[in-house]
Amino acid sequence: FTPSFTMVYESPAKRKAEDMAPPKRSSESTSDMDVESEMRSLSGKPAVSSSEPIPENAVKFSPQLLRVYYQRLFPFQMMYDWLSYGNDWEKGNEAGNERDFFGKREWSFTIQPTPTDEIYIRYQSFKDCEEFKAAVQKRQPNKIDIGAVFTHPPKDHNTIKSDIFHTKERELVFDIDLTDYDGVRTCCSGANICRKCWKYMNMAVKIMDEGLKKDFAFKNIVWFYSGRRGVHCWVCDKEARELSNDARSAVATYFELPLENENKSMDLSPNLHPMLVRSFRVLEPRFVSDIIGDNGMGILTNQSSWVKLLKTLPEAFRLSTGIAAELDKEWSRSDCTKSAAQKWAQLKQKINQATKKQQGKMAAKNDGKTSESAEMWIYETVYRHTYPRLDINVSKMQNHLLKSPFCVHPKTGRVCVPIDTKNVDSFDPFAVPTLPQIVKELDDYEKTHGREKAQKVPDWQKTSMKPTIQYFLKNFLNPMKAELRKKKMEEKEKEAAVMGDF
């Protein structure tokens, strides 16, 4: 007997999707429950408001709520339509159709039998949408991860020789998490977030989305809220899916900057890459409006903060010009009324004036390094406080797993919904639909419109998930499907022309 899945049993603190222990066999069962009776038992509970952080004592997540979600709201067919990329088991051996394409995709489920332990099931695969749906509804995973498309169905990996079982393709993915901004955000740390620091995510989406489209010509890109403190990007163009690990690493590294050590220069060249110049034009206004003032991280609003910033000026430049001491003295005066934005403008002006003087003095010596480093400090400071901080290891390997879109985060109860990149500044993580909220909305819709009328409307349209799923369909899934159909039609016409059957 060969199991069709692999389980790993360990504590949440130790589990990492990319570093799993050797597979172990295990088993568990989930009793079937009547969804309508579950709805009735939950309908009396008040929904948690989605516009503010969820109170600690509020019900955010439960097996009963999750069961209703998987039974009525998780978009199985949309996920299948997306991740099959125009291939379909039902189309059989039709020309241009890779029948078992979806069945070669790895899925993993995380099941939590007790509050302190998890069962992690890897190497699962499903031939079609119905099989995928049945497995999810049976196992009721707290979390679903998506992996690569392999040469063979992952569920059969124990029966296939390792030299012929390997990844074939996988979306190019990016993971950006607010914990990686702990060195610069002053409002929160760790898993905690607020609207102030969430602006880092908005900036990251803007820079990455534009770079992927303009610099790499990718088109089929979709962003999702992680459910707690970050965002995930899925690049789904065929060219992106087929990138080797080395090529993925090159794309990810293209966007990477050494941001960790604020006391160490990034050694940026005065001849900045066009991508960095473009990013600076986007980020500096956001640095001024969202970071340096009281409405942001306050780095130019009190003496301890601005002294810390001024100390990061290149040492030789700072000591030779006295700019830091001069500005600290001026800004510390009781009659100083300059705003954070005015202080930044003044600081830049002082640096530019001083560097011009130094360049004149150094011209005869052919040594302008001090002034150059001071000019680049302006760019480095903006980048350090606003530029995307990628978990680059997520992007480098085809076989890296990433949380499935539309999952529900068990810590927050919030759904991993798509993000409208054109209106990213209006995205509010505290307004994302919660599991208790959408289950109650289902019940409320039926009470308001009657059971007969409610049955004619898709369940997701009865909840606050509606606008995000409509966005996903209109701006990502439907255009991608149309593009795939067009390409397949063109391929058929070419084949017909070659065969003389056109």
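The values are calculated or read from the model by the stated rules, or taken from the named source; none is laboratory data. As the structure is a prediction and not an experimental result, all values here were calculated from the model. Cβ placement follows ideal geometry from the backbone for every residue including glycine, while neighbour counts extend to all protein chains displayed. Each accessible area value is taken on the protein alone, full model and side chains, heavy atoms only, with ligands, DNA and RNA left out. Shrake-Rupley method; radii C 1.70, N 1.55, O 1.52, S 1.80 Å.
See the values below:
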item	result
Accessible-area order (highest first, 1.4 angstrom probe) of the listed residues T337, T355, T468	T337, T468, T355
Accessible area expressed per residue, region 421-502, with surrounding protein chains retained (probe 1.4 Å, Å²)	61 Å²
Accessible surface, per residue, of region 108-147 when the full set of protein chains is kept, probe 1.4 Å, Å²	34 Å²
Protein-only accessible surface order, largest first, of V59, V288, V136 at 1.4 Å	V59, V288, V136
Segment S289-S305, extension gain: residue separation times 0.36 nm, minus the distance between their alpha carbons	4.1 nm
For region 281-323: rounded, prolate or oblate by the Cα gyration tensor [a/c cutoff 1.5]	oblate
Extension gain, K356 back to E490 (0.36 nm per residue minus Cα-Cα distance, nm)	42.3 nm
Over region 237-327, volume per residue of the alpha carbon convex hull, in Å³	154 Å³
Ordering of 375-387, 211-223 by burial proxy (mean other Cβ atoms within 10 Å per residue, highest first)	375-387, 211-223
Region 449-497 shape via C-alpha gyration tensor axes, a/c threshold 1.5	oblate
Of all accessible heavy-atom area on region 299-420, the percent that carbon and sulfur account for (1.4 Å)	47 percent
